[in-house]
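Comments concern the structure below.
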Amino acid sequence: GGNAKAALAAARGLPDQVKQLSDAIPAKTEALTASFNAMAAGLPAVLETIQTRIGALAKSSKLPAGLDKAGFESLQSGMAIANQMWSDAQTAFKDGNLADAVSMAESVKQTAASALTALQMPVPAALQ
């Protein structure tokens with residue numbers, strides 16, 4: 001019978017835990033929304049800048065120092081994935097899946113920062 005008492009005691013605490021959680025949800029939602037909106041303010045322009053640079057380098061025969069053809073191709077495919085993930089993040093955000101949206105946007109942000117570094121372009125403070 002000791003387990004039943006412990007289970008009953010734990011169950012009695014559930015309403016308080018549920019209330020604490022539901023009280024925390026608006027703040028968490030607000031934080032996730034703010035985080036996503038901050039990334040949404042800068043990421044599209046950065047992604048476009050990277051794509052423009054990749055496009056120019058693809059036509060050029062000269063890659064930046066430290067970036068070979070294989071690295072450049074890897075960078076191109078990584079950015080294609082990042083652009084798709086950014087699109088998915090925006091959809092998740094619109095659908096109310098804020099945690100997923102922020103998580104995907106963070107991943108895109110890291111990929112973009114790495115790409116900028118590889119391309120020897122300045123990494124904006126927003127991506128650091």
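The values are calculated or read from the model by the stated rules, or taken from the named source; none is laboratory data. None of the values given here were measured: they were computed from a predicted structure. In this analysis, Cβ positions are derived from the backbone assuming ideal geometry, glycine residues included, and neighbour counts consider all displayed protein chains. When the accessible area is computed, the model is the full protein with side chains, heavy atoms only, and any ligands, DNA or RNA have been set aside. Shrake-Rupley method; radii C 1.70, N 1.55, O 1.52, S 1.80 Å.
List of remarks:
- Residue within the stretch 40-49 that is assigned to a helix (DSSP H, G or I) and over 17 Å from the mean Cα position of the chain (by Cα) present: yes
- Lone unmet requirement of (1) open to solvent by less than 50 Å² (accessible area, probe 1.4 Å); (2) assigned to a helix (DSSP H, G or I); (3) over 30 Å from residue 25 (Cβ atoms) for residue 108: (3)
- Test: residue 37 is more than 21 Å from residue 121 (Cβ to Cβ) and among the polar types (S, T, N, Q): yes
- The C-beta contact set for the stretch 88-102 (first residue closer than 17 Å to residue 30 by Cβ, second residue of a type in the set (Lys, Arg) and modelled with pLDDT under 95, distance under 9 angstrom, 6+ apart or interchain) comprises 98/28; 99/28.
- With respect to the conditions (1) in contact (Cβ under 8 Å) with a residue 40 or more places away in the chain; (2) in a helix (DSSP H, G or I); (3) open to solvent by 30 Å² or more (accessible area, probe 1.4 Å), residue 66 lacks only one, and its number is (2).
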